[in-house]
Amino acid sequence: MSKSDKDNGEKNQMWGGRFAEGPAAVMEAINVSIDVDRRLWREDIEGSRAHAAMLARQGIISPADAEAIARGLDRIAQEIESGAFPFSRKLEDIHLNIEARLKELIGEPAARLHAARSRNDQVATDFRLWVRRACDDAAAGLKALQAALLDKAETHAATVMPGYTHLQTAQPVTFGHHCLAYVEMFARDRGRFADARRRLNECPLGAAALAGTSFPIDRDATAGALGFDRPMANSLDAVSARDFALEALSAAAICAGHLSRLAEEIVLWTSPHFGFAKLSDAFSTGSSIMPQKKNPDAAELARAKTGRVTGALVSLLTVMKALPLAYSKDMQEDKAVTFQAFDDLALALAALAGMVADMTMDEARMRAAAGWGFSTATDLADWLVRTLDMPFREAHHVAGRIVALAERKGLTLDRLALEDMRAVEPRITEAVYSVLSVDASVASRTSYGGTAPDNVRAQVARWRDRLSQEKAP
C-alpha cells in the first residue's frame, strides 16, 4: 500500500467503505470535533460499557467479546486520565478515537461493539450524561454559595443598611435580610437545574441512527445502567433532540443573571462612595498606574460571564431553530458553547462564594447610610395611620410635607423638632420618635418575609435545616 493510500485508509477507517479518497483539508478542518468533544470521554466509555454488557446479555455478542471490550475500555480510561492516550484529529471525534484505540488494544472484538448503535444515539447519550452532571455540579456550586450567604446573614441579622429602589434610599433593611434574598433567588436557580435534569433523564441509546434497530436489544437495561429513568420513546426524537441542553443553558443564563446582580452589588459596596464592604487581597487586584487602587476584579469578571452564558443559549437556539428531523451535522456545534457556558458558570459561582465569605462589612457606615434620604418616612406615615387613625393616602401626604421640611432644615427625621412636625400635623406627639430610628424601623418589620432581625434568624435556621436534609441527585 502506498503512503497516500495508507493515509486515506487511516482517515476513513471508520466510515470509509463508501469513499475512495480522503477528505479535503478544509473538510477535515470543519468536520473535526475531537478538540471539543474529547471532554466526553468518560461518558463515552460509560455508555460503551453499558452497551457491550447489554449486547452480551442479549446474545448479540459473546461474553468473551464483552469481557475483552470492558478490559480495553478500562485501559483506555487509564490512558486518558494519565495523559498517554493518542488522540488523533484524523479520527474526527471522541467516539472514533476510542473505538480505534480499542481495536488496537483488543483486535477483532472491538469491531462488534458498534452493533445496534450509531454515533447519533451514542453522542446524544454522551451529551445527556454530561449535561446531567453539569446540572448537578451547578446545583452544588449554588448550594455552596447559599451556605456562604447564610453565614453572612446569621452574622449580620441585625446589621442595618439602606434598602434601595431605583438605587435611591428607600427603607432600612438588615444586611442579613439582603443576603437571604439571594439565598431564595439561588434556590429557584437550583430548582430550574433540577427540573432540567429531571426532563433530560431519558436514554437515547438504542435509537441507533434514527429508526431504531432490528437487533433484540434491551433499552431498559442500558437506561438503568446509565442512571436514566427510562429509554426515550421515539427514535427520531432521541437522536435529534437538544432541548435538554437548551433548558440547562436557560437555567444557566438565568442563574448567571442572578450572579451578576450580586457581583454588581459587591462592586458598589466596595467602592469608596458606598464603603459598605472590603475585600481582602485574595479577591482584589491593583492598578498598573494608580497605586491607591484596589479593584474588585473577581466580581467584575463574574458579572461579565453572564454575557458568555447567555450567548451560549442564543447560539444553540439559533443552531436548532430550523433543523429537520432527525440528525444534522449542525448539531455538532451544541457542545462547544454548552461546555464553555458551564465552565464560566462554575467559575462565577466559585468566585462569588469566595467573595461573600471574604467580605468584611463596615457596620457603622452601613447604619449611617441607612438613615440617609429620610428612609423612615414610611414608618412615619404608618405611625400616623395607627396612632391618629389617618387614612394612608392622607398620612402619605402629611409625611411627605414633614420630609420636605426636614430637607429644608438639613435634618434627618429623627432629629427634626416636635414643634416642626406639629406645625404640619398638630396631633403628632413625642411618641412618634419611637418609630423614626433605623433600628426601630427594621425591628417593626415582623410580617412574614420581613426584615426584622428575629425573622432573619428564623429564616437562616430554616434554610440551614433544609440544606442539611437535602439528598444528592
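The values are calculated or read from the model by the stated rules, or taken from the named source; none is laboratory data. Bear in mind that the values here come from a model prediction, so they are computed numbers and not experimental data. Note: ideal-geometry Cβ built from the backbone for every residue, glycine included; neighbour counts use all protein chains shown. Just so you know, the surface numbers come from the protein's heavy atoms only, side chains and all, with ligands and any DNA or RNA stripped out. Shrake-Rupley method; radii C 1.70, N 1.55, O 1.52, S 1.80 Å.
Measuring with a 1.4 angstrom probe and ignoring ligands and nucleic acids, Asp218 comes out at about 50 Å² accessible.
3J(HN,Hα) along region 144-161: 5, 5, 4, 4, 5, 5, 5, 4, 5, 4, 5, 5, 10, 4, 10, 6, 8, 8 Hz, from the Karplus curve 6.51 cos²θ - 1.76 cosθ + 1.60 with θ = phi - 60°, whole Hz, x for Gly and Pro.
Sparsely packed loop sites in region 418-473 (the GluC sites (Glu not before Pro) outside DSSP H, G, I, E and B with at most 12 other Cβ atoms within 10 Å) comprise Glu470. Taken along the Cα-to-beta-carbon direction at a fixed 7 Å, the label points for Arg198 and Arg466 span 1.6 nm. Each label point was placed 7 Å from the Cα along the Cα-to-Cβ direction; for Glu430 and Arg365 their separation is 3.7 nm. Centroid-to-centroid, using Cα positions, region 387-443 and region 140-207 are 36 Å apart.
Are there any trypsin sites (Lys or Arg not before Pro) in region 401-458 that are in a DSSP loop and have at most 15 other Cβ atoms within 10 Å? List them by number. Before the final figure, lay out each step's value.
Numbers: sites: Arg401, Arg408, Lys409, Arg415, Arg422, Arg427, Arg445, Arg457; in loops: Arg427, Arg445.
Those satisfying the criteria are Arg427.
Less than 5 angstrom separates the built amide H of Val173 from those of Met161, Gly163, all sequence-distant by 5 or more or on a different chain. Residue order by solvent-accessible surface for Asp362, Asp126 is Asp362, Asp126, largest first, with ligands and nucleic acids left out and a 1.4 Å probe.
Assign one of three labels to region 25-113, namely rounded, prolate or oblate, based on the Cα gyration tensor with a ≥ b ≥ c the square roots of its eigenvalues; rounded applies when a/c is under 1.5, prolate when it is not and a/b is larger than b/c, and oblate otherwise.
Cα axes put region 25-113 in the prolate bin.
Placing a label point 7 Å from the Cα of Arg71 along the Cα-to-Cβ direction, the residues of region 99-136 whose backbone N falls under 13 Å of that point are 105-110. Each residue was assigned an accessible area with a 1.4 Å probe, and for Ser88 the value is about 20 Å².
Using a 1.4 Å probe and counting only protein heavy atoms, arrange Ile60, Ile30 so the residue with the most accessible area comes first.
Highest to lowest solvent-accessible surface, that is Ile30, Ile60.
Take the alpha carbon gyration tensor of region 278-369, find the square roots of its eigenvalues, order them as a ≥ b ≥ c, and report rounded if a/c is under 1.5; if not, report prolate when a/b exceeds b/c, else oblate. Judged from the Cα gyration tensor, region 278-369 comes out prolate (a/c at least 1.5, a/b above b/c).
Were the residues from Thr155 through Asp389 laid out at 0.36 nm apart, the gain over their Cα-Cα distance would be 80.4 nm. Accessible area per residue for region 134-251, computed on protein heavy atoms with a 1.4 Å probe, is 38 Å². So, in Å, what gap is there between the alpha-carbon centers of region 248-292 and region 303-323? Cα centroid of region 248-292 versus Cα centroid of region 303-323: 24 Å apart.
Among the listed pairs Lys90/Lys321; Lys305/Lys329; Lys294/Lys335; Lys278/Lys305; Lys152/Lys471, a Cα-Cα separation exceeding 26 Å is found for Lys90/Lys321; Lys305/Lys329; Lys294/Lys335.
Atom-type composition of the exposed protein surface of region 271-347 places 61 percent of the accessible area on carbon and sulfur (1.4 angstrom probe). Between Leu411 and Asp281, the distance separating the two model label sites (each 7 Å from Cα on the Cα→Cβ line) works out to 4.8 nm.
With each run of n ≥ 4 DSSP H residues scored as -39500 (n - 2.57), what mean residue ellipticity at 222 nm is computed for the chain after dividing by its residue count and rounding to the nearest 500 deg cm²/dmol? If you can, show how the numbers build up before the last one.
On the way: 19 runs with 291 residues, N = 473.
For the chain, the value works out to -20000 deg cm²/dmol.
For Thr285, the amide hydrogen comes within under 5 Å of the amide hydrogens of Asn295, Asp297, counting only partners 5 or more places away or on other chains and with H modelled in the peptide plane.
Assign one of three labels to region 394-473, namely rounded, prolate or oblate, based on the Cα gyration tensor with a ≥ b ≥ c the square roots of its eigenvalues; rounded applies when a/c is under 1.5, prolate when it is not and a/b is larger than b/c, and oblate otherwise. Walk me through the intermediate numbers first.
Values: a/c = 3.76, a/b = 3.61, b/c = 1.04.
Cα axes put region 394-473 in the prolate bin.
Converting phi to 3J(HN,Hα) with the Karplus coefficients 6.51, -1.76 and 1.60 and the offset θ = phi - 60°, region 205-212 yields 4, x, 6, 6, 5, 5, 10, x Hz in sequence order, with x at every glycine or proline.
Report, to the nearest whole %, how much of the accessible area of region 370-469 belongs to carbon and sulfur atoms, 1.4 Å probe, protein only. Write out the running numbers ahead of the final one.
On the way: 2880 of 5530 Å².
About 52 percent, which is the carbon plus sulfur part of the accessible surface.
If you plug the beta carbon distance of Leu301 and Glu28 into 1/(1 + (r/R0)^6) with R0 = 51 Å, you get a FRET efficiency near 0.90. In sequence order, region 307-324 has phi-based couplings of x, 6, 5, 5, x, 5, 4, 4, 4, 6, 4, 6, 4, 8, 5, 9, 7, x Hz under the Karplus curve 6.51 cos²θ - 1.76 cosθ + 1.60, θ = phi - 60°, and Gly or Pro positions carry x.
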